[in-house]
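For reference, the structure is listed below as structure tokens.
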Amino acid sequence: YTILSKVHSDRNVYPSAGVLFVHVLEREYFKGEFPPYPKPGEISNDPITFNTNLMGYPDRPGWLRYIQRTPYSDGVLYGSPTVENVGKPTIIEITAYNRRTFETARHNLIINIMSAEDFPLPYQAEFFVRNMNVEEMLASEVLGDFLGAVKNVWQPERLNAINITSALDRGGRVPLPINDMKEGVYVMVGADVPFSSCLREVENPQNQLRCSQEMEPVITCDKKFRTQFHIDWCKISLVDNTKQVSTFQEVIRGEGILPDGGEYKPPSDTLKSRDYYSDFLITLAVPSAIALVLFLILAYIMCCRREGVEKRNMQTPDIQLVHHSAIQKSTKELRDMSKNREIAWPLSTLPVFHPVTGEIVPPLHTDSYDNTSMPLMQTQQ
């Protein structure tokens with residue numbers, strides 16, 4: 001398309017439902033719109049990014065994806081329109097941003113999805129290409145080479161690409177930035193003839209066992225892809241829509257009126273009163289009676305079954321009572337004697353001389369003072 005002004009004229013495209021749609025946003029068409037315009041002989045290479053959204057909404061339709069790796073590469077809109085969108089014009093607002101001058105240019109892309117009786121084709125196969133990124137596979141020459149290789153293997157009368165999806169959109173991980181690793185891409189193609197024997201080889205038990213052990217299956221037609229495309233045959237998906245039984249059931253809608261269930265009859269107001277006396281006895285009286293009986297039994301054991309000192313002495317031999325009494329008397333006598341025994345006075349309690357008169361100052365305590373509790377340091381006068 002040709003850029004005429006800041007807000008460009010609308011561009012109409014007519015993709016078919018069930019067929020891959022690719023639209024490239026080329027930077028070359030937007031370079032001349034952003035000042036300063038390059039002089040003759042100069043090459044302008046401003047960083048340009050694109051923003052795409054459905055008119056009146058912040059994002060694109062669910063079937064349409066957009067990718068642009070760097071501000072110095074073209075942007076690509078791609079996806080597979082669905083049958084539900086047939087006959088509904090989809091207006092995509094494309095806004096180009098010049099990252100050097102912050103100028104913008106806008107263009108509207110009107111997608112008119114057409115219905116086709118032959119699409120989508122009944123036999124569909126999805127390949128996982130490990131050595132490609134999605135923008136590389138979207139290139140017309142690369143996609144043409146891939147469809148040519150599939151056609152040599154499948155030999156169909158009609159073959160078309162249905163959809164292309166990045167492995168990152170399927171839960172894949174971002175590859176490490178070493179050895180020029182790729183993220184991988186899923187490519188779904190459709191044909192009008194059943195699957196070839198080569199494509200069916202991945203379903204045999206030997207190859208299924210090798211895939212479960214994370215080993216490469218043995219596929220005879222892999223060499224037709226290996227020169228340019230590395231196919232992960234363990235992730236290939238074969239779908240035969242001719243054998244699928246439709247599970248759709250027509251919904252029978254009613255008038256929205258509930259069936260007549262008769263007149264509502266509330267419960268009667270004359271309800272009989274309930275006697276809760278028996279519930280009270282069971283809940284409170286019975287546990288209280290059991291607790292009282294247990295209390296009386298415990299009181300009898302603790303108070304009425306005590307042996308006492310007299311009964312203990314009657315059951316004890318006389319010689320043992322004599323020995324016990326003698327020990328008690330001896331212990332008491334020793335304690336009395338220890339209170340009155342004479343012990344050496346601590347040095348801190350000896351008499352001291354008065355510093356002026358030279359008189360001896362006796363201790364502060366008397367002889368009857370209990371020296372067992374006497375402090376070591378006495379207050380000196």
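The values are calculated or read from the model by the stated rules, or taken from the named source; none is laboratory data. Not measured: the values here are computed from a predicted model. Heads up, the Cβs are rebuilt from the backbone with ideal geometry, glycines too, and the neighbour counts pull from every protein chain shown. Keep in mind that these areas ignore ligands, DNA and RNA; they rest on the heavy atoms of the full protein, side chains included. Shrake-Rupley method; radii C 1.70, N 1.55, O 1.52, S 1.80 Å.
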In region 192-229, anything over 12 Å from A125 (Cβ atoms), touching a residue at least 60 places away in the same chain (Cβ under 8 Å) and open to solvent by less than 70 Å² (accessible area, probe 1.4 Å) is listed as D192, C221, F225, Q228, F229
For region 148-169 the number of residues that are more than 23 Å from V83 (Cβ to Cβ) and of a type outside the set (D, E, K, R) is 10
Per the filter on region 90-108, residues farther than 12 Å from F30 by Cβ and surrounded by 20 or more Cβ atoms within 10 Å (Cβ to Cβ) are I92
**Message:** So, R65, is that one modelled with pLDDT of 75 or more, touching a Gly at 6+ places or on another chain (Cβ under 6 Å) and open to solvent by 50 Å² or more (accessible area, probe 1.4 Å) or not?
**Reply:** yes
Only unsatisfied item for R253, checking (1) modelled with pLDDT under 90; (2) surrounded by 12 or more Cβ atoms within 10 Å (Cβ to Cβ), is (2)
Within region 83-105, residues being within 39 Å of the chain's Cα centre (by Cα) and assigned to a strand (DSSP E or B) number 9
